[in-house]
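Asker: Have a look at this one before I ask anything.
The values are calculated or read from the model by the stated rules, or taken from the named source; none is laboratory data. The structure presented is a predicted model; accordingly, all values stated were derived computationally and were not measured. Every residue, glycine among them, receives a Cβ derived from its backbone with ideal geometry; neighbour counts consider all protein chains shown.
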């Protein structure tokens, strides 16, 4: 291949910072700090801290910017640990019904946008230079991202999907590839859309469904 090759990618790690194992009530515990410090010592910066809504909450109505309870925590996280973070990605795959409890595709965007906007403001209040990343949608869901743009999400994240970004005036913004995968086994006989469920056991080298 001709031309110059790009430099090595910046490597990050997922960090599910709101999981119960990292908290004693409303305060992060020793394991929270230990894991962040360990990553930083190895030169790895965290890319994704999953924050968002719970599909088990009593209502599917998105909280507005003044009601959302995660805002103080995000400001604390950005202010206290921001120097160890590459960015904060707000939620993951919010375009999937199973992740937000909403059947209508457009209403998933209606719910996500105010949460992202509130998160952006809270993160920037803690560390203005820390990038905020739009949640990685499942598949190339330009429809979901288009709905989010229509609902006013521009300016609250560093976005994705090149052609749509360019059409909405964000063509110069970088893309963060926060999750990807590939098969290490034959996909023969595996139904379309279920390949990700399969792994390779060490003992046999044959594929079996995980979970």
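Asker: What number of residues within segment 106-128 are touching a residue at least 40 places away in the same chain (Cβ under 8 Å) and under 18 Å from the mean Cα position of the chain (by Cα)?
Answerer: Adding up the residues that qualify gives 15.
Asker: Take the residues in segment 40-64 that are farther than 20 Å from residue 117 by Cα and touching a strand residue (DSSP E or B) at 6+ places or on another chain (Cβ under 6 Å), then tell me which one is modelled with the highest pLDDT.
Answerer: Among residues in segment 40-64 that are farther than 20 Å from residue 117 by Cα and touching a strand residue (DSSP E or B) at 6+ places or on another chain (Cβ under 6 Å), the one modelled with the highest pLDDT is 44.
Asker: For segment 156-171, which positions are exposed (fewer than 15 other Cβ atoms within 10 Å of the Cβ), in contact (Cβ under 8 Å) with a residue 12 or more places away in the chain and assigned to a loop (DSSP other than H, G, I, E, B)?
Answerer: Scanning segment 156-171 gives a single hit, 169.
Asker: So, one more: Based on this model, can you work out whether residue 117 counts as modelled with pLDDT of 70 or more, out of contact with any strand residue (DSSP E or B) (no Cβ under 8 Å at 6 or more places or on another chain), closer than 30 Å to residue 80 by Cα and assigned to a helix (DSSP H, G or I)?
Answerer: So residue 117 passes the test.
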